[in-house]
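Only one structure is covered here, and it is reproduced in the block below.
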Amino acid sequence: MDIVNYQPAADCLQDRIIMITGATRGIGKALALDAAKLGATVLLIAKDLKRLEQTYDEIEALGKAQPAMLNIDLESAGADDYQTVANSVHEEYGRIDGLVHNAARVGGLTPLQQTDVTLWSKLITLHLHAPFLLTRACLPLLQKSKDPSIIFSIDEASKAYWGAYGVSKAGQISLMNILAEELDGDQQIRVNGIHPGKVRTHLRTHNYPGLNPNEFPAAEDVTNPYLYFLSEESKAVTGQLFRI
């Protein structure tokens, strides 16, 4: 399967309920729009209410399934907050078919010795605690799906000056692998990761201001692998880290 050039059928996500974190910028927003175009009901998670409303309105304008906004600060939310989200989704939809952990923030390139402790805590929470707690709360909803899928947006940044971002994104790979092994078998929830590479997003342009952003593909050009892993075509695939 050539996942990069995967061409989704027009109805491949019809009636599927897809939850996406970081859904107001970059890959998260592009994926939310594409998933909606393919028939999915998209549950948008982000902390910026204004941007959430903008994304919501763009999806509404497509004339497809009505999306939902979940205004959560993933850098500070705790277990009870995620359980509240899961309870609300259960009451409204009864299940979810896809969960995409995409939210990310670097917070600047800084030596560890000079890293702000509060920022360190927020980034570890965003990239590690949030995916764990959200997955934990949503597992009963995923188990009610006939074809559940979890996707991580992966980055390999274990290098100087990437600090908490590099550490926590490395931890995400471990979390992804552990979940893939534990949820395979009886539960049949597939778990995969996508490393999108260098993409023209706010995260990249903010951290590489000297580079020409037009040298990199736009976010909407790298969503096909996500759509593949959210569709039934990837039903037998789990525990994979796909690098674009």
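The values are calculated or read from the model by the stated rules, or taken from the named source; none is laboratory data. All of these numbers come straight from a predicted model, not from anything done at the bench. Using ideal geometry, Cβ is built from the backbone for each residue, glycine included, and neighbour counts are taken over all protein chains shown. Protein only, heavy atoms only, side chains kept; ligands, DNA and RNA dropped before computing areas. Shrake-Rupley method; radii C 1.70, N 1.55, O 1.52, S 1.80 Å.
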- Query: Per residue, what accessible area does the range 21-133 have, given a 1.4 Å probe and all protein chains present, in Å²?
  - Reply: 47 Å²
- Query: Roughly how many percent of the accessible protein surface of the chain is carbon and sulfur, given a 1.4 Å probe and a whole-percent answer?
  - Reply: 47 percent
- Task: Please calculate the 1.4 Å probe accessible area of Asp81, with all protein chains present, and give it to the nearest 10 Å².
- Result: 80 Å²
- Message: Using only Cα atoms and rounding to the nearest 10 degrees, what angle (0 to 90) does helix 163-183 make with the longest principal axis of the chain?
- Response: 30 degrees
- Message: Need the full-extension length gain, Gln143 to Lys198, defined as separation in residues times 0.36 nm minus the C-alpha distance. One decimal, nm.
- Response: 16.4 nm
- Message: Once you place label points 7 Å from the Cα toward the Cβ at Gln113 and Ala10, how far apart are they in nm?
- Response: 6.2 nm
- Query: What nm distance separates the two modelled labels at Ser174 and Asp48, each placed 7 Å from Cα along Cα→Cβ?
  - Reply: 3.1 nm
- Item | Relative contact order of the chain, pairs being alpha-carbon contacts under 8 Å that are 6 or more residues apart, as % | 21 percent
- Query: What is the helix-to-structure angle for 79-92, meaning the angle in degrees between its Cα long axis and the longest Cα principal axis of the chain, kept from 0 to 90 and rounded to the nearest 10?
  - Reply: 30 degrees
- Protection proxy (average C-beta count within 10 Å per residue), highest first, orders 133-139, 174-180 as 133-139, 174-180
- Of the listed values (1) 1.02; (2) 1.00; (3) 0.94, grab the one calculated as Rg/Rh (Cα atoms, Kirkwood Rh) from the structure here. (3)
